[in-house]
Amino acid sequence: MASTIELLNELLALHSNSLPSYLVNAKPWSARRDAKVLEALAAVADDHRRMTDLIGSHILELGGSIQGGEFPMLYTDMHDLSSDYILNEVCRFQKLENSRIEQIADELAGSPKAQALAKEALGAGKAHLQNLGELLAESAV
């Protein structure tokens, strides 16, 4: 079974290396033609940065070291894609991440503060998925 610090580092990596975080910082990609998409992705990326800070602080409190990882190479293929396609992909990834975050929260049952962080991240992930899904539905109309 993974340690609390290992699980927190996985949770941190999910947030620091998320697709919205990549897209907001990727210079070749821009949804400027669709400001709502860019705003939505920026809001998710901002929230991911906030969670990364909280999780990282707790890792350090526990005496661990932060292992953030890198963005997946898969993201580099998304520079020239439409906003609708990007939203679909962000939603798909968010569903997968929410599932893993829920598992991490369960595995952190012995560490109340760490589990609370994971549950906060899961709640935010579900809210992001709902908001992005609504934006995607609007663009389909």
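The values are calculated or read from the model by the stated rules, or taken from the named source; none is laboratory data. Just so we're clear, the structure is a prediction, and the values are computed from it rather than from any experiment. Virtual Cβ from ideal backbone geometry, glycine too; neighbours counted across all protein chains shown.
Here are some notes:
- Test set (1) in contact (Cβ under 8 Å) with a residue 60 or more places away in the chain; (2) of a type in the set (A, V, I, L, M, F, W, C); (3) under 22 Å from Q130 (Cβ atoms) - L108 fails condition number: (3)
- Any hit, region 38-53, residues being closer than 15 Å to T4 by Cα, among the charged types (D, E, K, R) and in a helix (DSSP H, G or I): no
- Residues that are touching a Gly at 6+ places or on another chain (Cβ under 8 Å), in a helix (DSSP H, G or I) and closer than 25 Å to I5 by Cα within region 57-102 comprise Q94, E97, N98, I101, listed in sequence order.
Here's the yes/no breakdown for (1) among the aliphatic types (A, V, I, L, M); (2) under 15 Å from L14 (Cα atoms):
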| position | (1), (2) |
| --- | --- |
| Q67 | no, yes |
| L74 | yes, yes |
| H79 | no, no |
| C91 | no, yes |
| S111 | no, no |
| L122 | yes, yes |
| N131 | no, no |
| E134 | no, no |
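- Which numbered condition E107 fails, given (1) charged (D, E, K, R); (2) modelled with pLDDT under 95; (3) farther than 21 Å from V44 by Cβ: (2)
- Residue pairs whose Cβ atoms lie under 6 Å apart, sitting 6 or more positions apart in sequence or on different chains, and linking a residue in region 12-23 that is free of Cβ contacts under 8 Å to residues at least 60 places away in the same chain and closer than 16 Å to L122 by Cα to a partner that is part of a helix (DSSP H, G or I) and among the hydroxyl-bearing types (S, T, Y), are L12/T52; S16/T52.
- Of all residues in region 75-91 being without any contact (Cβ under 8 Å) to a residue 12 or more places away in the chain and loosely packed, with under 12 Cβ neighbours inside 10 Å, the one that is nearest to Q130 (Cα to Cα): Y85
- Subset of region 92-129 (residues that are of a type outside the set (D, E, K, R), surrounded by fewer than 21 Cβ atoms within 10 Å (Cβ to Cβ) and closer than 24 Å to S139 by Cα): F93, L96, N98, A124, A127, L129
- Residue selected from region 30-49 under the condition over 14 Å from the mean Cα position of the chain (by Cα) and crowded, with 19+ Cβ neighbours inside 10 Å, by the criterion modelled with the lowest pLDDT: A31
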